[in-house]
Amino acid sequence: MNDMNNYGEKSCEMRKYMYVSEKEEQYRCCGRQQHREDIIVKTGSVKTGGGNFTMIAGPCSVESEEQIISIAKAVKAAGANLLRGGAFKPRTSPYDFQGLKAEGLRLLKLAKQETGLPIVSEIMGVNDLELFEDVDLLQVGARNMQNFDLLSELGKTGKPVLLKRGLGNTLNELLMSAEYIMSKGDTQVILCERGIRTFCEHTRNTLDLSAVPVLKELSCLPVIVDPSHATGYARLVPPMAMAAAACGADGLMIEVHNDPENALCDGPQALKPDEYLKLSDKISRIRKAIED
Ligand code: PEP
Ligand code: MN
């Protein structure tokens, strides 16, 4: 009875979010109701959220020392503040390049030493945790968004986690996955919209940009957008990246490759360094234009 009364009192404010209002109660760690203030995630000295915009860039996969160092230098010069590079790759086909694994992480660390950029890489299983000790931001890929054992273990590390939305997951499911991490004591979670599966076949996925303002209403976590996996085509990355910046995202994760035609993974969606530089400048101008 009491519960019903409380619910009645709240319903005015919450009617606009009616379809999620009951679930909102479950967002004990990340919910806007619990923390009015934005959570700021710190990856090394790089802040994300609460007005801090983060540019993550780099290749889909680390392929060689020369490749990762040259891309790292180029994206740094273009204004990126975090370097991405996959070492463990979740490929649809077991016959495709699976990543350089431990060696890939070693090369990524070399690129960090060379440029000073903190590094981001995808962890696929709890058994690899030790290998990721020096990785600054642990990425949970779309395919692992509901690997609850992995989420709980990451939550115990207290390290920053970049949690990507699953291919067919709702925003409620994404937030509950964030809860798996945060309920273990880790407040450092960045959410990432990377496109979902729909009937549209002109893009690799469909970028659900309304996820950005909705997630920011419901939770206090930073939300970034990955227009590379969302579209699958380099020519569509700049327009969608600009749209993401304009709708209030706290950052962008963009795949950049020095030789996209010969990339071992996701070449068609990779920007070349000069294209990234151009885009980065436009993003800065959009951010200025929408400043309060
Ligand atoms: C990636 O970022 O390289 C990746 C595999 O992304 P997603 O998990 O979103 O497919
Ligand atoms: Mn990729």
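If you filter the range 124-204 for chymotrypsin sites (Phe, Trp or Tyr not before Pro), then keep DSSP loop positions with at most 16 other Cβ within 10 Å, what is left?
Passing both the DSSP loop test and the Cβ count: 199.
Is the shape of the range 193-292 rounded, prolate or oblate, going by the alpha carbon gyration tensor and its root eigenvalues a ≥ b ≥ c, with a/c under 1.5 for rounded and a/b larger than b/c for prolate?
Oblate, because a/c is 1.5 or more while a/b does not exceed b/c.
Say R0 is 30 Å: what FRET efficiency, to the nearest 0.05, do residue 26 and residue 282 get from their beta-carbon distance?
Computed FRET efficiency for residue 26 and residue 282: 0.20.
Per residue of the range 122-138, in order, report the coupling 6.51 cos²θ - 1.76 cosθ + 1.60 (Karplus, θ = phi - 60°) as ³J(HN,Hα) in whole Hz, putting x for Gly and Pro.
Taking θ as phi minus 60°, the curve returns 7, 9, 9, x, 4, 5, 8, 3, 4, 5, 9, 3, 8, 7, 6, 10, 8 Hz for the range 122-138.
Tell me, what is the FRET efficiency for residue 172 and residue 66 to the nearest 0.05, using R0 = 51 angstrom and their Cβ-Cβ distance as r?
0.70
Once amide H atoms are placed 1.01 Å from N in the peptide plane, what residues at a sequence separation of 5 or more from residue 256, or on another chain, have their amide H within under 5 Å of its amide H?
Residues meeting the amide H criterion: 58, 60, 271.
Rounded, prolate or oblate for the range 100-259? Axes are the square roots of the Cα gyration tensor eigenvalues, ordered a ≥ b ≥ c, and the cut-off for rounded is a/c under 1.5.
Since a/c reaches 1.5 but b/c is at least a/b, the shape of the range 100-259 is classed as oblate.
For the range 84-132 and the range 146-194, write down the distance between their C-alpha centroids in whole Å.
Measuring centre to centre over Cα atoms gives 19 Å.
Given 224, 108, 189, which one lies farthest toward the positive end of the charge dipole of the chain, if we put +1 on the Cβ of every Lys and Arg and -1 on the Cβ of every Asp and Glu?
Sorting the options by dipole projection puts first 224.
Extension gain residue 262-residue 33, at 0.36 nm per residue separation less the Cα-Cα distance, in nm?
Answer, rounded to one decimal: 77.6 nm.
May I ask which of 73/272; 42/288; 42/156 have a Cα-Cα span longer than 20 Å here?
Exceeds cut-off: 42/288.
Under 5 Å between amide hydrogens, which residues at least 5 positions from residue 162 or on another chain qualify, with H placed 1.01 Å from N in the peptide plane?
138, 139, 140, 190
Hey, could you grab the Kirkwood Rh for the chain? Inverse mean 1/r over distinct alpha carbon pairs, Å, one decimal.
Every distinct Cα pair counted, the radius reaches 19.2 Å.
Of the GluC sites (Glu not before Pro) in the range 193-292, which ones lie in a loop per DSSP and count no more than 13 other C-beta atoms within 10 Å?
201, 291
Check the straight Cα-Cα distances from residue 112 and name the aspartates and glutamates below 12 Å, setting aside those fewer than 8 residues away within the same chain.
Excluding near neighbours in sequence, the set is 65, 134, 136.
In the range 77-184, what GluC sites (Glu not before Pro) fall in a loop by DSSP, with at most 11 other Cβ atoms inside 10 Å?
Here the GluC sites (Glu not before Pro) that fit, given the DSSP loop and packing criteria, are 133.
The numbers here are math on the coordinates, done by the rules we state, and not lab data. Please read all numbers here as calculations on a predicted model, not as lab measurements. Positions of Cβ are generated from backbone atoms using ideal geometry, with glycine treated the same way; all protein chains shown enter the neighbour counts.
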